[in-house]
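Structure first, commentary second.
The values are calculated or read from the model by the stated rules, or taken from the named source; none is laboratory data. Since this is a predicted model, take the numbers as computed values, not measurements. So basically every Cβ, Gly included, is an ideal-geometry build from the backbone, and we count neighbours across all protein chains shown. In case anyone asks, the SASA skips ligands and DNA or RNA and just uses the protein heavy atoms, side chains included. Shrake-Rupley method; radii C 1.70, N 1.55, O 1.52, S 1.80 Å.
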Amino acid sequence: MADEITLLDFWPSPFGMRVRLALTLKGIDYIYKEENLQQKSDLLLKSNPIHKKIPTMIHNGNPISESLIMVQYIDETWPKSSSLLPSDPYGRSQSRFWADYVDKKVYDCGRRTCFAKSPEEGDAAVKELLECLKVVECELGEKLYFGGENLGYVDVALVPFYSWFYAYESFGGLSIRDECPKIVAWAKRCLENESVAKSLPDQQKIYEFVVTMRKKFGVE
Ligand SMILES: N[C@@H](CCC(=O)N[C@@H](CS)C(=O)NCC(=O)O)C(=O)O
């Protein structure tokens, strides 16, 4: 039986981008369903009854939640093409640590940078965002990718946020290029990969999405 994969997603989501990217890197065909998060589909509510969030992936009728868990599932289910996680347990533990760091720190500071309700909140978010990006930049060191010579799990976890960089810079009044040049160079290197370029929306489009959301939330 051919695999049937449906991805419930919302285009600006960095979490959704991770899953789109992992599937594309592995060459897996899937059905993409855009969700309206104000009016979630019955399929989403049924498939992810705990969090009710996108992305949610359904593989041959089995739902899977949480983007990093989905990326690991994709890596384990289709191991034939190159693996995203290292083969040794210690290497895997380190990759999972950094992907978790991205989830807990980078996402949150980025969100607060775009949607800060006061200049003080914005300044604190920008300060924290730069600290986090410098930490991941230090972890990258002189490597081409977080995965070493090839794109790996941490690259997949982090690179979607590059689509949000212009929005962070515009609303946070910072230059990531000046502050973290190695991270910007790494992201551009990732974008040379066809699967990455195909899976990530344009920075300008994300910026316009953030403008709309700020108006909606009354953040001006
Ligand atoms: N930890 C989750 C985060 C997913 C998430 O926050 N999704 C947001 C969109 S970016 C969502 O579905 N929000 C709708 C809601 O919370 O009702 C993951 O990695 O998949």
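To the nearest Å, what is the center-to-center distance of the range 141-188 and the range 92-138, using C-alpha atoms only?
12
Per the Kirkwood formula on distinct C-alpha pairs, the Rh of the range 5-77 is how many angstrom?
Values: mean 1/r = 0.0837 Å⁻¹.
For the range 5-77, inverting the mean 1/r across all distinct Cα pairs yields 11.9 Å.
Taking every DSSP beta bridge with both residues inside the chain, roughly what % is antiparallel (nearest 5)?
Values: 9 of 13 bridges.
Antiparallel: roughly 70 percent of the beta bridges in the chain.
Report relative contact order for the chain in percent, whole number only (criteria: Cα-Cα under 8 Å, sequence separation at least 6).
On the way: 267 pairs, mean separation 46.1, N = 220.
Contact order relative to length: 21 percent.
Count the net charge of all other residues whose Cβ sits under 15 Å from the Cβ of ASN36, scoring Lys and Arg as +1 and Asp and Glu as -1. Don't skip to the answer; put the middle values down first.
Numbers: positive: LYS33, LYS40, LYS52, LYS53, LYS216; negative: ASP9, GLU34, GLU35, ASP42.
Net local charge, ASN36 excluded: +1.
How much mean residue ellipticity at 222 nm does the chain get from its helices, if each DSSP H run of length 4 or more adds -39500 (n - 2.57) and you divide by all residues, to the nearest 500 deg cm²/dmol? Write down the numbers at each step before the final one.
Values: 12 runs with 123 residues, N = 220.
Value at 222 nm, helices only, nearest 500: -16500 deg cm²/dmol.
What does the accessible area of LYS104 come to, in Å² to the nearest 10, when a probe of 1.4 Å is used?
Per-residue accessible area (LYS104): approximately 130 Å².
At a Förster radius of 41 Å, what calculated FRET efficiency corresponds to the Cβ-Cβ distance of LYS52 and SER93, to the nearest 0.05? List each step's numbers first, then the result.
Working: r = 30 Å, r/R0 = 0.74.
In this case the efficiency is close to 0.85.
Taking only protein heavy atoms into account and a 1.4 Å probe, give the accessible area per residue of the range 5-77 in Å². Mind dumping the intermediate values first?
Details: 3340 Å² over 73 residues.
Heavy-atom SASA per residue in the range 5-77 reads 46 Å².
Could you work out the Rg to Rh ratio of the range 89-217, with Rh taken as the Kirkwood radius (inverse of the mean 1/r over all Cα pairs)? Write out the running numbers ahead of the final one.
Numbers: Rg = 14.6 Å, Rh = 15.1 Å.
Here the Rg-to-Rh quotient is 0.97.
Tell me, in nm to one decimal, what length is gained between ASP42 and ASN60 on full extension, where the rule is 0.36 nm per residue of separation less the Cα-Cα distance? Each step should come with its number before you reach the end.
Working: separation 18, 0.36 × 18 = 6.48 nm, distance 1.76 nm.
So the extension gain works out to 4.7 nm.
With all pairs of different alpha carbon atoms counted, what Kirkwood hydrodynamic radius in Å does the range 89-151 show?
Details: mean 1/r = 0.0780 Å⁻¹.
Hydrodynamic radius (Kirkwood, Cα only) of the range 89-151 equals 12.8 Å.
Compute the label zone of ASP123 within the range 172-194: residues whose backbone N is under 20 Å from the point 7 Å along Cα-to-Cβ.
Label zone hits: 172-176, 179.
What is the range 35-130 by shape, rounded, prolate or oblate, if you read a ≥ b ≥ c off the alpha carbon gyration tensor as root eigenvalues and call it rounded for a/c under 1.5, prolate for a/b larger than b/c, and oblate otherwise? Spell out each step's value before the answer.
Values: a/c = 3.54, a/b = 1.24, b/c = 2.86.
Because a/c hits 1.5 or more and a/b fails to exceed b/c, the range 35-130 counts as oblate.
Once every Cα of the chain carries one equal point scatterer and solvent is ignored, give the base-10 log of I(q)/I(0) from the Debye formula at q = 0.12, 0.15, 0.18 Å⁻¹, two decimals.
The Debye formula, applied to the Cα set alone, gives -0.65, -1.01, -1.40.
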